[in-house]
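Let me begin by presenting the structure, written as structure tokens, before commenting on it.
Derivation of every value follows stated rules applied to the coordinates shown; laboratory data play no part. Note that the structure is predicted; figures quoted are calculated from it, not measured. For neighbour counting, all protein chains shown are included, and Cβ atoms are generated from backbone atoms with ideal geometry for every residue, glycine included.
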Amino acid sequence: MKDISVEELKQKAIELRKTALTMIYEAGSGHPGGSLSSADIVAALYFKEMNIDPKNPNWDDRDRFILSKGHVCPIQYAALALQGFFPYETIHTLRKYGSILQGHPNMNKCPGIDISTGSLGQGLSVGVGMAIAGKRDKKDYRVFVIVGDGESQEGQIWEAVETAVKYQLDNLVVFVDDNGLQCDGACKDIMPSQDIEKKFNAFGFETKRINGHSMEEIVETLGHIREAKNDKPKCIVMNTVKGKGVSFMENVASWHGVAPNDEEYKQAMEELEGGLK
């Protein structure tokens, strides 16, 4: 854990949003909506909570991070760049041929990526495996996994949940980015958001719902689960807003996978410069 204030973390989250949007704008493609909705938890994890070393990305005792909803990788790339895992200028190569920054996280190309993701539903299973390995190797590292609300409809998620409870993986923390739109919004009522929380709790996870854009609440919650050695895996369901921080993107499903044009990018950056509302 690093010594950084809540106000500094809020600024880091803004920097992440600006960097991610710049990457998507310059690439002409990408996923801004989910990148912006998950920016605050990514900032808290990378700049305060996780025990990582940019100079030694494969350090055996590092905490692990899995972005199961891998299509929002610009927000993770932004964190890795700002942490110094690779030169910041690399952000301008998103989705270009030969770049280490592909359209989904690739552990064989990009330092700091613990597992390649993209096929929705698989990340939590990998996280469970990593957490089991940590227990068996008597390591102190923790495994943090971000999944999407729509992704939680994948059956593999719940098979992983059952396994995590069976092996009492209190070193596993799952964050559900519950922005309520689920891709294009067409399937938002298949699994209402409250059912996600209920299901994790029913399976035996220690579960809590928080405001995913309140850095104060995020930091407080991370502090609590850091001390909770109770043999229970943890699930934090985060109420978030797709496109958070940019007025014309907020709660608009069509911004799931569309890059801003020149004018939209300019307005978005001006709004983010003014601080998160």
Packing-based exposure ordering (other Cβ within 10 Å, fewest first) of Y77, Y88, Y46: Y88, Y46, Y77
R226 versus K135: modelled label distance in nm, points set 7 Å from Cα along the beta carbon direction: 2.3 nm
Within the chain, helix-based [θ] at 222 nm, where runs of 4 or more DSSP H residues each add -39,500 (n - 2.57), nearest 500: -12000 deg cm²/dmol
Percent antiparallel among DSSP beta bridges (both partners in the chain, rounded to 5): 0 percent
Estimated distance in nm for a label pair at N261 and D60, the labels positioned 7 Å out from Cα along Cα-to-Cβ: 5.5 nm
Inter-centroid distance (Cα atoms) of segment 47-74 relative to segment 85-124, Å: 12 Å
Rounded to the nearest 20 debye, dipole of segment 131-277 from Cβ charges on Lys, Arg, Asp, Glu: 880 debye
Total formal charge among the other residues, if their Cβ is under 9 angstrom from that of N239, Lys/Arg +1 and Asp/Glu -1: 0
Given charges at beta-carbon only (K, R positive; D, E negative), |dipole| of segment 6-273 in Debye: 760 debye
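Between their Cα atoms, which of K48/K266; K208/K266; K18/K232 are more than 32 Å away from each other? Write out the running numbers ahead of the final one.
Values: K48/K266 30 Å; K208/K266 37 Å; K18/K232 36 Å.
Too far apart for the 32 Å limit: K208/K266; K18/K232.
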